[in-house]
Amino acid sequence: MKDDKKGSSGSGQPAQGASSIPNRILGSLRDALNAASRDERSGEITVGERADAAAKAAAAEPTKAEPTPAAATARATATARPEVPTVPAGQQMSAADALREAKTPTRVHFEAEPTTRVVHGAPTVAAAKPAGSASDVGKTQVIRGKPKNVSAAFHQDPVVGWLVVVSGLGLGAYRPIFEGNNHIGRGKNQRIPIDFGDDTISSEEQAYIRYDSMDRSFLFVPNLSKTNIVAVNDKKPTGAVKLEAMDLITMGRTKLAFVPFCGEEFDWSELAELKE
Amino acid sequence: MEFHFASRASQGARSYQEDAAAVRTLVGDQHTAPAGAEGRATELTAALADGMGGHAGGALASGTACSTFLAAYGSSSGEVPPRLDEAMHLANQAIAAQVVENPALNGMGCTLIGTSFSAPGIEWVSVGDSPLFLVRGGEIVLLNEDHSLAPEIDKLAAAGKISWEQARNDPRRHFLRSALTGTEIDLVDRSHRPLALHAGDVVVLASDGIQTLEHSEILRVVNAYATEGPEAIAEGLIRTVEAARDPYQDNTTVVAVLVR
């Protein structure tokens with residue numbers, strides 16, 4: 001199972017062992033490849049290629065019971081294939097070598113570094129390159145509003161937190177909070193529209209939430225020129241108050257819980273740093 | 001060559017199961033995995049998906065993807081890689097269709113490992129972070145590419161930009177760079193030719209709940225139970241994950257395929 005938290009606060013739980021493993025695996029692969037005196041572009045398990053190459057590559061007819069030429073080659077020494085690791089004849093290929101071969105396109109020619117491709121071709125979204133430099137991170141693709149650090153092009157205004165309706169009309173709904181100043185009101189034009197039908201909320205700018213990526217903190221600021229009073233945790237502030245996770249904001253007959261995404265643990269600017 | 005398979009699942013610490021797995025043999029029997037399917041065949045297709053998108057959506061997405069994938073692969077013919085690709089795209093479209101029918105499901109999706117086992121060996125297509133392992137003798141290798149942010153974060157650690165400790169605890173490890181969500185698929189990992197299998201090889205399809213275990217532990221468990229068959233391997237893996245008692249243990253599903 002993986003829920004949406006994955007994209008947000010899936011934190012908390014440390015990544016179990018998973019982590020260091022690629023390294024471990026790569027280590028063993030590297031050894032295996034060195035032993036087979038492979039080229040230096042190794043270090044990465046995956047050498048992807050396009051489907052068309054794959055189609056050509058798999059000359060094998062899967063329904064036959066007899067091993068096909070492709071399979072036979074794969075099993076045997078593979079000396080005939082220059083791009084394939086050399087294994088002493090008669091010796092069973094190690095798992096790592098077998099993998100490398102399975103992922104080696106039959107075509108030797110690449111128009112670029114061999115890399116896993118995106119299916120529906122946007123040229124900007126290539127996968128991680130084998131080289132392993134930090135700039136690869138810039139190519140990371142994330143699905144649907146999750147952090148997408150492609151050369152600083154956000155899919156949308158990056159979310160920094162949420163307000164979740166925990167009481168009143170719209171119960172269970174949520175609204176994203178964005179970087180900078182967010183005005184909150186009932187109107188749909190508000191940056192944080194609480195438009196679930198509670199008309200005791202001012203239509204415009206009853207309050208503001210401000211997220212400052214420099215000091216990574218959230219401030220809640222009531223708009224004192226509005227007649228309706230707002231509360232944070234049952235206190236009725238007359239000035240800016242710092243918001244903490246799960247603080248309860250009352251506006252009209254609606255209660256909103258504050259859920260931060262950015263903060264000390266994470267800020268989008270870190271991804272920008274990742275890039276260089 | 002004959003492929004013996006078995007699957008087992010555990011809900012972990014979660015209140016629901018969003019993984020799905022299924023195996024289809026040449027004759028067309030379809031075994032849905034969480035029930036604990038087992039069997040043997042000279043050719044088979046196995047699929048495993050790890051769902052996301054909340055209570056209803058995640059399980060629906062993974063179940064839809066697996067069944068659509070197997071049905072689509074089973075009803076096509078020709079070379080394996082394009083069949084795998086097509087089946088994957090049909091699975092993705094089936095998810096899109098569900099979302100169109102019920103917009104509340106918007107945002108659901110899943111990972112997918114689709115594998116074909118036949119005489120030439122194993123071929124696969126994979127999207128997401130569900131691992132596909134090959135255990136041969138004393139060696140374990142991850143066959144598919146991990147489409148979570150974890151490899152990127154590890155690269156940063158390897159480059160000395162952050163510590164390994166930071167890398168290990170980075171919450172973004174679980175962010176997915178690619179998944180089947182009914183829209184464009186960002187990254188796809190696939191084999192380019194059959195990876196020849198030998199008697200004694202064990203292939204494990206798993207959801208990322210198994211990452212609670214170090215690879216060395218997975219290797220140890222597989223080797224310990226290999227002689228008893230795939231049921232023992234699958235059960236051993238699930239038991240070992242449960243024994244780790246991770247308070248946040250994710251759903252874990254494994255399909256073990258033993259080559260005989």
*Breaking point among (1) at pLDDT below 90; (2) surrounded by fewer than 17 Cβ atoms within 10 Å (Cβ to Cβ); (3) in contact with a Ser or Thr (Cβ under 8 Å, 6 or more places away or on another chain), for A:Ile143*: (2)
*What are the residues in segment A:246-272 that are touching a strand residue (DSSP E or B) at 6+ places or on another chain (Cβ under 7 Å) and surrounded by fewer than 13 Cβ atoms within 10 Å (Cβ to Cβ), if any?*
A:Met246
*So, in segment B:218-249, of the ones that are out of contact with any strand residue (DSSP E or B) (no Cβ under 7 Å at 6 or more places or on another chain) and charged (D, E, K, R), which residue ends up nearest to B:Ala199 (Cα to Cα)?*
B:Glu228
*So which residues in segment B:90-113 are out of contact with any Cys (no Cβ under 9 Å at 6 or more places or on another chain) and not in a helix (DSSP H, G or I)?*
B:Asn102, B:Asn106, B:Gly107, B:Met108, B:Gly109, B:Thr111, B:Ile113
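From the list B:Ser67, B:Ser62, B:Ser76, exactly one residue is assigned to a loop (DSSP other than H, G, I, E, B) and either in contact (Cβ under 8 Å) with a residue 24 or more places away in the chain or over 27 Å from B:Asp250 (Cα atoms) (or both). Which is it?
Numbers: B:Ser67 fails: assigned to a loop (DSSP other than H, G, I, E, B); B:Ser62 fails: assigned to a loop (DSSP other than H, G, I, E, B).
Sole residue among the options that is assigned to a loop (DSSP other than H, G, I, E, B) and either in contact (Cβ under 8 Å) with a residue 24 or more places away in the chain or over 27 Å from B:Asp250 (Cα atoms) (or both): B:Ser76.
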*asked:* Anything in segment B:159-181 that is of a type in the set (A, V, I, L, M, F, W, C) and facing chain A (nearest Cβ under 7 Å)? List them, or say none.
replied: B:Ala159, B:Trp164, B:Ala167, B:Phe175, B:Leu176, B:Ala179
*For A:Ala257, state whether it is at pLDDT 90 or above, part of a loop (DSSP other than H, G, I, E, B) and farther than 19 Å from A:Gly180 by Cβ.*
no
*Give the residue that is surrounded by the most Cβ atoms within 10 Å (Cβ to Cβ), with candidates limited to residues of segment B:187-233 that are over 26 Å from B:Pro81 (Cβ atoms) and facing another protein chain (nearest Cβ under 7 Å).*
B:Gln211
*Select from segment A:171-196 the residues that are surrounded by 18 or more Cβ atoms within 10 Å (Cβ to Cβ) and assigned to a loop (DSSP other than H, G, I, E, B) and list them in ascending order.*
A:Glu179, A:Arg186, A:Gln190, A:Arg191, A:Ile194, A:Asp195
*Residues in segment B:236-260 that are within 14 Å of another protein chain (Cβ to nearest Cβ) and charged (D, E, K, R): how many?*
4
*Spot the failing condition for B:Phe117; the list is (1) facing chain A (nearest Cβ under 10 Å); (2) aromatic (Phe, Trp, Tyr); (3) within 23 Å of B:Gly51 (Cα to Cα), and only one is missed.*
(3)
*Only one of these is closer than 25 Å to B:Met52 by Cβ, at the interface with chain A (Cβ under 7 Å from one of its Cβ atoms) and at pLDDT 90 or above: B:Glu152, B:Glu184. Name it.*
B:Glu184
*From (1) part of a strand (DSSP E or B); (2) within 21 Å of B:Ala87 (Cα to Cα); (3) not charged (D, E, K, R), pick out the condition that doesn't hold for B:Leu258.*
(2)
*Only residues that are basic (Lys, Arg) and closer than 27 Å to B:Ala196 by Cα: list them for segment B:120-163, please.*
B:Arg136
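Name the residues in segment B:103-117 that are without any contact (Cβ under 8 Å) to a residue 60 or more places away in the chain and crowded, with 20+ Cβ neighbours inside 10 Å, would you? Working first, answer last.
Filtering segment B:103-117 for residues without any contact (Cβ under 8 Å) to a residue 60 or more places away in the chain gives B:103-106.
Scanning segment B:103-117 gives a single hit, B:Leu105.
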*asked:* Please pick out the residue among B:Ala9, B:Ala46, B:Ala87 that is at pLDDT 90 or above and part of a helix (DSSP H, G or I).
replied: B:Ala87
*Starting from segment B:235-260, take each residue that is free of Cβ contacts under 8 Å to residues at least 24 places away in the same chain and list its partners that are not small (Gly, Ala, Ser), counting only C-beta distances under 7 angstrom and pairs at least six apart or across chains.*
B:Gly236/B:Val221; B:Gly236/B:Tyr225
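The values are calculated or read from the model by the stated rules, or taken from the named source; none is laboratory data. Source: prediction; values computed, not measured. Backbone-built Cβ (ideal geometry, glycine too); neighbour counts: all protein chains shown.
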